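K.L.:
Just dropping this structure here.
The values are calculated or read from the model by the stated rules, or taken from the named source; none is laboratory data. Predicted, not measured: the structure shown is a model, and the values here were computed from it. Quick reminder, even Gly has a Cβ in these numbers, built from the backbone with ideal geometry, and neighbours come from all protein chains shown.
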C-alpha cells in the first residue's frame, strides 16, 4: 500500500481514537476538561495537536506542561506546522503530510504519557500489578510503532501477555501496510486494531 493510502488509514484510526476524549472535553476551556485527571488532560491536548496542528493547540500543550514543571520543544513542532502550510497545495501534499505526521507522532511520544510516571511510582512501592496496568494504559496513548514496540519489549519480564501483544502488533502493522483503502478493507483493519486494543487493556 502506498504512503498516501497509509496516511488516510492512519488519520481514520486517529479520528476514531479521539472521539471518546472529544466527548469528554470539547475544549480546554470547558468545565468538563478541567475536571479530567492530568493524564486525561494531557491525552486530550496531544490528540488535539495531532489532529489539528495549530499554534493554539501547541500553546495549550506547552502551557499544560509548564504548569506541571516540564517544558516541551515548541520550536520543533512549529516547523511541522509551517511545513503543513507550505505543503497544503503542493503536488505531493498527501505523501509529504504523511512524512510530517510520522515526525509529529515521534515528537508527541517523546512527551511520555503520565501513566508511565504512575507505573514507576507503583513499582517503587512494590505494587507490580499496578505497575503493569499503568504501563499498558500508557502504551494505549502512544502513536508511533517504534514507541509502542519499545514499551512492550520493556514489559516482557513483567507481563505475561507482553509477547502476545508484540506479535499482535506486528500482525497489525503488516495488515495496515498491506491494506487497500476501500471501506471494507478499512473496516476490517479497524476491527483488527480494536481487538488488539481490547487485549492490551483488558485485565487478565
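K.L.:
Let me confirm something: among 70, 80, 116, which residue is over 18 Å from residue 148 (Cβ atoms) and under 18 Å from the mean Cα position of the chain (by Cα)?
P.N.:
Residue meeting the stated conditions: 80.
K.L.:
Being modelled with pLDDT of 90 or more and surrounded by 18 or more Cβ atoms within 10 Å (Cβ to Cβ) is the filter here, so list the residues in region 95-110 that pass it. Let's see the steps before the verdict.
P.N.:
Our first condition is that a residue be modelled with pLDDT of 90 or more; within region 95-110, this holds for 103-110.
Selection gives 104, 105, 107, 108, 109.
K.L.:
Of the conditions (1) touching a helix residue (DSSP H, G or I) at 6+ places or on another chain (Cβ under 9 Å); (2) over 28 Å from residue 87 (Cα atoms); (3) at pLDDT below 75; (4) part of a helix (DSSP H, G or I), residue 20 fails just one. Which one is it?
P.N.:
(1)
K.L.:
Being more than 23 Å from residue 195 (Cα to Cα), assigned by TED's automatic domain parsing to the domain that holds residue 46 and either in contact with a helix residue (DSSP H, G or I) (Cβ under 6 Å, 6 or more places away or on another chain) or at pLDDT 95 or above (or both) narrows it down to one residue among 87, 92; which is it?
P.N.:
On the way: 92 fails: either in contact with a helix residue (DSSP H, G or I) (Cβ under 6 Å, 6 or more places away or on another chain) or at pLDDT 95 or above (or both).
Only one candidate qualifies: 87.
K.L.:
Something else: Kindly provide the set of residues from region 39-56 that are farther than 23 Å from residue 137 by Cβ and either part of a helix (DSSP H, G or I) or not assigned by TED's automatic domain parsing to the domain that holds residue 103 (or both), ordered by number.
P.N.:
Those that are farther than 23 Å from residue 137 by Cβ and either part of a helix (DSSP H, G or I) or not assigned by TED's automatic domain parsing to the domain that holds residue 103 (or both): 55, 56.
K.L.:
Anything in region 158-187 that is surrounded by 14 or more Cβ atoms within 10 Å (Cβ to Cβ), touching a helix residue (DSSP H, G or I) at 6+ places or on another chain (Cβ under 8 Å) and more than 20 Å from residue 147 (Cα to Cα)? List them, or say none.
P.N.:
Hits for region 158-187 are 179, 181, 186.
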